[in-house]
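The values are calculated or read from the model by the stated rules, or taken from the named source; none is laboratory data. Everything numeric in this text was worked out from a predicted model, so none of it was measured. No Cβ is skipped: glycine too gets one built from the backbone with ideal geometry, and neighbour counts run over all protein chains shown.
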Amino acid sequence: MLSMRPELLKGHLDALLLAVLEDGPRHGYAVIEALRDGSDGALDLPTGTVYPALHRLERAGLIRSDWETVSGRRRRAYQLTGSGRQALSDQRAVWEQFSTAVTALLMRNPWPATT
């Protein structure tokens, strides 16, 4: 498998985080696991990338967090807000349009010669 370069995530990380929270609350490490598992290992992001993004999304009102105790450990669980669900829907529409255009260009073979 080709490794995913970090710069490819720019502009897409927020949508990816919202998407993995769509099914319900997850604590931070579970978010990281969902990204990795859902991408067959291509998106194996460090905590230093994911947690600041989660905090940014929370400040923007797209997710909220609550403390929970699991097996005697306190951890913060993140979940989508109504605004976050709308943002995810909007970002999916933008992604579909973008990926269709990029696929059309990259998969076109061969390009006609110009003179």
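Side notes on the structure shown:
- Residue list for the stretch 59-73, restricted to those being at pLDDT 95 or above, farther than 19 Å from Ser89 by Cβ and of a type in the set (D, E, K, R): Arg59, Asp66
- Considering only residues in the stretch 48-90 that are of a type in the set (D, E, K, R) and in a helix (DSSP H, G or I), the one that is farthest from Leu16 (Cα to Cα) turns out to be Arg59.
- Residues of the stretch 25-52 that are aliphatic (A, V, I, L, M) and either touching a strand residue (DSSP E or B) at 6+ places or on another chain (Cβ under 9 Å) or under 21 Å from Arg74 (Cβ atoms) (or both): Ala30, Val31, Ile32, Ala34, Val50.
- In the stretch 1-22, residue surrounded by the fewest Cβ atoms within 10 Å (Cβ to Cβ) [restricted to those that are assigned to a loop (DSSP other than H, G, I, E, B) and at pLDDT below 95]: Leu2
- Matching residues in the stretch 59-85 - criterion: being within 15 Å of the chain's Cα centre (by Cα) and not charged (D, E, K, R): Leu62, Ile63, Tyr78, Gln79, Leu80, Gly84
- Among (1) surrounded by 11 or more Cβ atoms within 10 Å (Cβ to Cβ); (2) modelled with pLDDT under 95; (3) part of a helix (DSSP H, G or I) - the single one Leu45 does not satisfy: (3)
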